[in-house]
Structure formats: C-alpha cells, structure tokens
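The values are calculated or read from the model by the stated rules, or taken from the named source; none is laboratory data. The structure displayed is predicted, hence computed values, not measured ones. Note that we place each Cβ from the backbone using ideal geometry, even for glycine, and neighbour counts take in every protein chain shown. Surface areas here come from the heavy atoms of the whole protein model, side chains and all, with no ligands, DNA or RNA. Shrake-Rupley method; radii C 1.70, N 1.55, O 1.52, S 1.80 Å.
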Amino acid sequence: AGGGAAAGAGGPGSSSAPLYIRQVEPGFGSQFWKTVRTLGLAFIVLSGVGAFLEDKGLGGRKGLLSNKEVRPVMESDTKFEDVKGVDEAKAELEEVVHYLRDPRQFTSLGGKLPKGVLLVGPPGTGKTMLARAVAGEAGVPFFYTSGSEFEEMFVGVGARRVRDLFEAAKRSSPCIVFIDEIDAVGGKRSAKDQQYLKMTLNQLLVEMDGFQQNDGIIVVGATNFPESLDKALTRPGRFDRHVVVPNPDVEGRRAILESHFRKIPRAKDVDLKVIARGTPGFSGADLANLVNVAALKASMEKSQSVTMAALEYAKDKIMMGTERRSLVMSEDEKKLTAYHEAGHAIVGLNIEDHDPVYKVTIVPRGRALGVTMFLPEEDKYGISKKRLIGQI
C-alpha cells in the first residue's frame, strides 16, 4: 500500500509525470504487403464462389452443387431409311448396328469391332443424322456431346467431363457416345501448347484405348476437318474406321427432295429430277433450305401446294441471289447487259461438250447485273481438255 501511494504521488503515469503515447505511422512497405495480402485473399474467395456458382463449372453437367449423373440425352427415333443420299456410309455403319444388337456374335471368333467411327464430310451432309440413325436402329442409349462442351475456364474441367461421360457410358453399355465437331477437342498437340490444353485430349485418348478397356462403347465422332486431328486419336484402336459422308449425287439429291416432300404437299407439275439436276454440289442441308424457301413462297402466294414455279424461284434465289428490281439503270446499261448475257447464251448454245443453257436474265441478282445459267445434264467428276476449253 505504501509503494502504491508513492507511485501515485510522483511515479510514471501520475499527474506530475504523465505518460505520452505516440502512434507511429506504418511505412510504405508494410502498407503495400498488407494490401497485397488483402487482394489475394479476396481473389481466392471470389474464385471459390465463382466455381460454385458456375452453371457448368467443376464436375458434371450442372456444376458442382448438383453434380447430377450424366445420362443419355435423347432417345433417337431416326432410322436408316430416313437418311438419303449416303448409301455407302449407311452400309459401313450397319455393321456397327449389328454389333450393338448382338455383341457376342462378333466376338465368338476373337475378332473385335472398331471402338471409334469417324464421320468425315462437308457441312450439311448428314453426319449427325447418321449417328442418330445408328442409335435408332440399334435401340441403345445415345450420349450426345460436342467438342466445345469439354472446354471451360477452369483447369481440369474438360478431363473430368470426359471421365464422367465414359463412366456413365460404361454403366449403360452397349451404347453410343457421339462427339460432334470433335476437332474442337482433338486438334493436333504441339510442344508449345500449355499443359492444360492437352489434358482433355489426353483423357479422351486414355478412355478410348488405355490401360482399362471399354467394351460395348462405340464412340462416333464427326468433323469437317479430319486433317486437323491428332494422329494419336486417329490411329488403329481408337478412331480406326473413317466413314466419308460426301455431298449427294443427282439420284441422292432426288431421294432427299422426295423425303422432304413427305410432309409437304406438292403440285402435279413438280419434277424433282429437274430440280436435282439443277442443284449440283448441294448438300442435304442446302436441299432442305431450298424446299423450305419454296414452301414459304407458295404460302405467301396462298397456294394449296408447292408448285414447280416456287421451287424454281427458290433455286434461283439461292444460286443467283435475290432479284434487285429497284436498281435504277439507264437504257444504255440495260442494253449493254443484254448484249453481254446474249453473248454467254449464244456461245453456250454453239459450244460442244458443254452444259445446255437453262436461263438468261438481265434482272440484277446479288452483285451481278445479269446471269446466264446452265443446267448440267449429269454430275461430272472428271473434266476433259475439250470441256475446259469450252468453258473458257
């Protein structure tokens, strides 16, 4: 008690000897590192929240929160009879259908069916429709995905999706896994690529033909650029069967037009052979667009069916462009255009080994002031010197 009284009388902290406390301002270095730590912690928290809220973020097809099982996305009711103009491709795929229906028949002698079928062809030739037809004929589960669905902003997401897809396929085997636009994920690897860019493709390579074998799973891929695929993906044992799906020939185009007119009424004057002859190089999608434009034209004219005139209008619109009747031209320009197109027509009529003249117009279409159309009598796959000179 005596010591306490002495401290209160004259010790530090008393009224006679007060204590002064001064707060030292932090330096620039300490403030900088404190800001960096705060920003780093905020970035980590926001990244974690973003991964949880990302609809197709980590794992599964619906994100990490739901993590739903991958299931067949569609029940295909398409049959081979619905696919026209690609008979050779259908014949090659029929073997896959027989295998999916009765796998033991093919493995009784020790043979193995190819695990991967790569459909190669120009856009619009029916590659996706062929894959649906294989699933519809075999009556097996059909998993559909595209190459771009495997890539996301998070590292490792694509590889995990490949694993989830094939795990679900194993549970549903025999089945079909269809990967559309496979060049988006199966492009050629380079030593300059980042490691995460190779992870998805590496996982796909392992799933198709790795240490563990996948029996009863047929992987069907479709691409317009087969030359861009990695060699490890197209080697025997993975995509070892390449089915070319070309543009249809004249008889194939007629069959495709017939199939489109199953649900569309057509007039008696419609001759689909003439339309098929006049559409060389058209794919199945182009022909579907032609029929659709003709049906819209006939509907605008309040017709009860699609007429030959509507089909000719649609073909001319697609091949030559829309008529520009509002373009103002002088009489001299019209006469010059008429002389020009008449020259094409006269030469075309008198040249041997050349397609016959079909239509001449001086109504501006697209970027041309006039057009002379020739109607091929048949598809040409080889051109003679005489025919080339005639075209010149």
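Would you check if Ser66 is exposed (fewer than 12 other Cβ atoms within 10 Å of the Cβ) and at pLDDT 80 or above? Considered against the rule, which asks whether it is exposed (fewer than 12 other Cβ atoms within 10 Å of the Cβ) and at pLDDT 80 or above, Ser66 comes out as no.
Among the residues of the stretch 101-141, those identified as in contact with a helix residue (DSSP H, G or I) (Cβ under 7 Å, 6 or more places away or on another chain), under 22 Å from Arg253 (Cβ atoms) and outside any loop (DSSP other than H, G, I, E, B) are Leu119, Val120, Leu130, Ala133. Count of the stretch 343-358 residues, restricted to those that are outside any helix (DSSP H, G or I) and either hydroxyl-bearing (Ser, Thr, Tyr) or open to solvent by 60 Å² or more (accessible area, probe 1.4 Å) (or both), is 4. Tell me which residues, restricted to the stretch 317-342, are in contact with a strand residue (DSSP E or B) (Cβ under 9 Å, 6 or more places away or on another chain) and either in a loop (DSSP other than H, G, I, E, B) or over 13 Å from Pro364 (Cβ atoms) (or both). Lys317, Met319, Gly321, Thr322, Arg324, Ala342, listed by residue number.
So that you can scan it fast, the table gives a plain yes or no per residue for (1) open to solvent by less than 50 Å² (accessible area, probe 1.4 Å); (2) touching a strand residue (DSSP E or B) at 6+ places or on another chain (Cβ under 7 Å); (3) closer than 25 Å to Lys263 by Cβ:
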| residue | (1), (2), (3) |
| --- | --- |
| Lys79 | no, no, yes |
| Lys84 | no, no, yes |
| Glu92 | no, yes, no |
| Val97 | yes, no, no |
| Pro103 | yes, no, no |
| Val117 | yes, yes, no |
| Phe143 | yes, yes, no |
| Cys175 | yes, yes, no |
| Ile179 | yes, yes, no |
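Inspection of the stretch 257-277 finds no residue satisfying the criterion of being outside any helix (DSSP H, G or I), open to solvent by 70 Å² or more (accessible area, probe 1.4 Å) and β-branched (Val, Ile, Thr). Screening the stretch 371-392 for residues that are modelled with pLDDT of 85 or more and assigned to a loop (DSSP other than H, G, I, E, B) and picking the one that is least open to solvent (accessible area, probe 1.4 Å) gives Ser384. The residue list Tyr358, Tyr381 contains one member that is in contact with a Leu (Cβ under 6 Å, 6 or more places away or on another chain) and either over 19 Å from Gly278 (Cβ atoms) or aromatic (Phe, Trp, Tyr) (or both), which is Tyr358.
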